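Below you'll find the structure, written out as structure tokens, and then a few comments.
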């Protein structure tokens, strides 16, 4: 498969099919990430569309100085927050009160322990764990996406993994 | 803290593969991007990026030297390996890619050449298909590319 | 120097052809609604009890379906992207192949590739999938069957 840089170069030259391939490559990843931020399918679809329209507006002339995931992650987060905020503003108080908590995933019984242990982590550690193990982002990519020093990301992940290793609910995920 | 950085690699190595698998299951969305999003993006991309008159104008404005430089860069960035690509190797139709001599070129020819190189370490000189003086993965790639070529290597 | 100029001239011609071809493949007005969706086609080969070391298949889709990408298979032996002719992208026919000289090979039914397709319209296209060859670790042809399903992997 063509690398991201090759597709970007082709799209910069006016090749819309190259952009479509780039979209296809990252669509589902963006969708899953956006769903974590919004918690509902309708808003998530809007986030996906707005994210790629935002990316499209950078062509021609787009220069990717980091990885695509590092570039997309903050864009998805910002757009998701914006859309969620706009949505709440148009909701009546009654609708807001009826809305179920959006951030927790549907939890299968055998993953309840894992979900509970993760929920107990401080938000910044929780975030880095998800970026590493769900979004398949390297530590360097996570650092670039969050605009933080690499050592900060390492420290957060280390503390998170320590806590999970010491937690009886998640100890089984650590090899002896 | 310095000890955090020393031990993070060690701690990561002790994480079982099922951790990531279970996390992905936990956070896997139950839905997918609807088709209308695909349509909107495709339509927007074709409106923004497919502008033939502007491209023709762009080509005529670029001087010959600049065009040559851009093209050379384009060709250099094309990766001529197992994923296929434009190559400055000999035309595929002219290379003896039928390694096993069964009258057709398919992936088994590439496989057999790869095995001969790995196992014997002494492949026949005739298998230096790209003429670079070595019999290696580049020659295997040539055979594989001949096997998957849509025009039969013509 | 002469080679660079020759290469540049050829490439400039190619770029012109590509830009014209790009225009011709999207002749409809930009504002027209396009019912487009992207679909993955999961391709499986079942070699029974024999470990599968090499395979090659051809996919032919209806004219309005375009191939937009190819992904590797599920087994570690076929973790690298398979061989295919880049000319197949954005067309409806492709030959895909791969081999592995690894010790651990899959047997039984294994997903060997995922082909990403761009489909226009609501109808479910029919595909013609032909297994050209399957081989064992000695490079001998072995009997095998090829199947596919359209959609995300279950």
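Rule-based calculations on the coordinates, nothing more; no lab input. Just so you know, these numbers come straight off a predicted model, no measurement behind them. Reconstructed Cβ throughout: ideal geometry from the backbone, glycine too, with neighbour counts over all protein chains shown.
Below is a table of values for the structure above.
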| item | result |
| --- | --- |
| Helix axis angle, A:16-38 relative to chain A longest principal axis, alpha carbon, degrees | 20 |
| Alpha-carbon Debye profile of region A:111-176, log10 I(q)/I(0) at 0.12, 0.23 Å⁻¹ | -0.29, -0.96 |
| Most to least packed among A:59-66, B:25-32 [average Cβ atoms within 10 Å] | B:25-32, A:59-66 |
| Size-normalised alpha-carbon gyration radius of chain A, reference 2.2 N^0.38 Å | 1.17 |
| Order by protection proxy (mean Cβ within 10 Å, highest first), peptides B:103-116, A:143-156 | B:103-116, A:143-156 |
| Per-residue mean of C-beta atoms belonging to partner chains within 10 Å, peptide C:89-96 | 3 |
| Label-point gap, in nm, between residue A:112 and residue C:91 - each point 7 angstrom along Cα→Cβ | 5.7 |
| Shape call, region C:32-150: gyration tensor on alpha carbons, a/c limit 1.5 | prolate |
| Degrees, to the nearest 10: A:68-90 long Cα axis against longest axis of chain A | 80 |
| Shielding score for C:37-48, defined as the mean number of other chain Cβ atoms within 10 Å | 2 |
| Using alpha-carbon coordinates, inclination of helix A:150-166 to the longest axis of chain A, degrees | 30 |
| Dimensions in Å of region B:96-154 - Rg and Dmax from alpha carbons | 10.7, 33 |
| Shielding by other protein chains, B:140-148, mean Cβ within 10 Å | 5 |
| Mean Cα-pair separation over length for chain A, i.e. relative contact order, pairs under 8 Å, 6 or more apart, % | 21 |
| Sites residue A:162 and residue B:31 - FRET efficiency at Förster radius 51 Å, r taken between beta-carbons, to 0.05 | 0.90 |
